[in-house]
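Below is one structure, written out as structure tokens, with a few remarks after it.
The values are calculated or read from the model by the stated rules, or taken from the named source; none is laboratory data. This structure is a prediction, so every number in the text was calculated from the model and none was measured. Here Cβ is always computed from backbone atoms with ideal geometry, including for glycine, and neighbour counts include all displayed protein chains.
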Amino acid sequence: MVNANCLKQDIRETAIQSRVAFYLAKKPREQPLDGAFDFWTNNERIRPMATGCPMMKMQNTEHPCFGGDHAQAGRIHLPVAPGCNIKCGFCERRFDCANESRPGVTSRVLTPEQALQRVRLVKGHMQRQTGPELKVVGIAGPGDPLANPKTFETFEQVRQEFPDLHLCLSTNGLLLTEHLDRLVALGVQSVTVTINALTAASGARVYEWVRFKGEKLTGEEGAALLLKRQLEGVRYAAAAGMMVKVNHVTIPGVNDHETLDLAVKVRGLGAAVMNIIPVIPIGIFKDIEPPDDATLEMVRNQAELVVSQARHCRQCRADAAGVVGRDIDLDQLENRRLVG
């Protein structure tokens with residue numbers, strides 16, 4: 001008797017391998033010395049990445065999500081952005097959550113002034129530990145940073161006091177193009193755009209609604225608008241000199257058939273890194289089975305032929321601080337400051 005899970009895995013592997021074979025058949029291989037090869041898609045020449053690198057060969061950066069030393073480069077997420085302009089089916093934002101470790105949650109929302117104080121506190125603490133140092137200040141929620149004016153106030157205050165720290169932003173991309181000039185002026189160096197569908201049909205299954213210019217859009221109409229603005233945002237952010245990473249939450253049976261197409265698309269638009277991460281089963285996807293480690297590894301290996309892959313993502317909280325995988329207990333740190 002055939003095991004249903006094994007059969008499902010075989011079908012996924014066959015589909016992925018067939019899709020990669022389709023890409024590679026678009027143009028006969030050229031074998032340069034590094035082992036990479038070229039192919040063509042939409043009249044555009046794509047040179048895939050060599051597969052030997054477990055992460056990527058990137059620009060010179062200390063950002064741990066873009067190829068920096070994960071063990072030595074500390075980062076802090078400042079939870080100053082509670083509002084959001086889209087509703088992802090797998091997202092449940094919580095502003096007083098101390099126990100969950102996932103995007104969209106924080107122990108509390110900070111003002112820009114409180115956020116700056118937290119940067120001072122964490123930076124000083126890490127310096128006193130004489131180990132990894134704080135290198136990156138990011139805003140990643142718990143909503144969408146570009147839907148919250150306090151994001152820009154926070155970046156301005158941090159840049160004035162700590163001009164050497166790397167500023168970064170994580171967004172759904174809906175408002176990226178219209179705020180891009182302001183982000184560049186503030187010195188934001190890198191941006192992550194989360195794109196969870198490459199067609200309106202799939203997007204309609206992922207996103208419950210999109211709110212744009214006072215209008216709430218649902219179904220394929222909202223998904224199509226969001227996708228258009230996401231792709232434009234990636235293109236223009238890359239053209240502006242920002243390092244661009246595309247996050248993709250893969251949901252089996254919903255959007256996983258588009259993952260490799262998305263890799264090709266965003267590489268052509270200038271994205272430097274892609275981060276394929278498993279859906280967390282909450283919200284309308286609470287009953288879905290996330291992809292297992294073997295499936296994720298296989299998909300990342302195939303996508304890495306096209307664009308560099310981030311493999312160490314821990315799907316951090318909106319208030320994470322410290323080294324990836326070894327977060328600082330902020331409540332304990334702040335209590336010590338108050339006592340001292």
**Criterion (in a loop (DSSP other than H, G, I, E, B) and modelled with pLDDT of 90 or more) met by exactly one of G131, G83** = G83
**Message:** Quick test for you: out of V249, V234, V299, V264, pick the one residue that is closer than 29 Å to P79 by Cα, in contact with a Ser or Thr (Cβ under 9 Å, 6 or more places away or on another chain), of a type in the set (A, V, I, L, M) and not in a loop (DSSP other than H, G, I, E, B).
**Reply:** V249
**Prompt:** Out of the range 271-291, which residues are in contact with an Asp or Glu (Cβ under 8 Å, 6 or more places away or on another chain) and more than 14 Å from H248 (Cβ to Cβ)?
**Reply:** P281, I282, G283, I284
**Message:** Taking the condition of being closer than 12 Å to Q157 by Cα and without any contact (Cβ under 8 Å) to a residue 40 or more places away in the chain, how many residues in the range 106-119 meet it?
**Reply:** 3
**Asked** Could you count how many residues in the range 267-296 are among the small types (G, A, S) and part of a loop (DSSP other than H, G, I, E, B)?
**Response** 3
**Message:** Report every pair of residues separated by at least 6 positions or lying on different chains whose Cβ atoms are under 6 Å apart, first residue within the range 173-193 and over 25 Å from F162 (Cα atoms) and free of Cβ contacts under 8 Å to residues at least 40 places away in the same chain, second of a type in the set (K, R) and crowded, with 23+ Cβ neighbours inside 10 Å.
**Reply:** none
**Prompt:** When you look at V323, is it out of contact with any Gly (no Cβ under 9 Å at 6 or more places or on another chain), surrounded by 15 or more Cβ atoms within 10 Å (Cβ to Cβ) and β-branched (V, I, T), yes or no?
**Reply:** no
**Fill in**
By residue number, the members of the range 134-188 that are surrounded by 24 or more Cβ atoms within 10 Å (Cβ to Cβ) and among the charged types (D, E, K, R) are D144
**Condition met for G270 (touching a strand residue (DSSP E or B) at 6+ places or on another chain (Cβ under 8 Å) and within 19 Å of E208 (Cβ to Cβ))** = no
